[in-house]
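Report on the following structure.
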């Protein structure tokens, strides 16, 4: 039996329904909502998979994927097809080397915005720029980098079972974009720990700059004994002083960077209580200045 005949035989068969299968969130149109998921699908489409990829979209929407697990460099899944036993799927993407990750995290740590968002547990939308800076790709650049296997008898690659996992993986990126890093060999916790260490190494230089600038600023200050009579009066400079508060790019960035405090009040960690206090104070300041929180 030739390849075309085999495809015709396996193609139209209806899969067995799955109870409590993993269904795609969207039932029409494109799958994936955030930049990371759309980028993943865009990369797969660039490999000219064509109909081989779209065949799995219906499986993803029907809930034929029984389970999916993302580990470093590998995705394993079980997908229910036409047979009684679900098919086993593996998708492998080679992790980056330690040397490559060292270059990438150097680039991340050197950019204050990248570091602040990552340390607070947020993925910057333009994170690929950090990888591009050191000429190391975050996403695969060719289909050859994706080593896939399915226990089904379909000869196509990707078969609809692998393709279904591709689509659901995109939605997993919506929920946790750090899974992209995990596929490349580093977990969210490992990245944050590395960035904390690398950012800490820059603190002595930043502190010395502040200390060196200190004497010059102090020398311009008026001695206290010369302004005792007017100490509590508002100076002319206050008339030109303006405040223009705005919501922060990263909410509670310092608290998130520091992590949990070493002690708690009752059942609540101090960092969680401070976060609530900061939110209340910030909202009040923004409301008073006419800015929506």
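Rule-based calculations on the coordinates, nothing more; no lab input. Values in this document were obtained by computation on a predicted structure and should not be read as measured data. Cβ coordinates were reconstructed from backbone atoms using ideal geometry, including for glycine residues, and neighbour counts include every protein chain displayed.
Within the stretch 129-148, is there a residue that is touching a residue at least 40 places away in the same chain (Cβ under 8 Å), in a loop (DSSP other than H, G, I, E, B) and more than 24 Å from residue 54 (Cβ to Cβ)? Yes, that holds for at least one residue. Scanning the stretch 158-194 for residues that are more than 15 Å from residue 68 (Cβ to Cβ), in contact with a strand residue (DSSP E or B) (Cβ under 6 Å, 6 or more places away or on another chain) and surrounded by fewer than 22 Cβ atoms within 10 Å (Cβ to Cβ) gives no hits.
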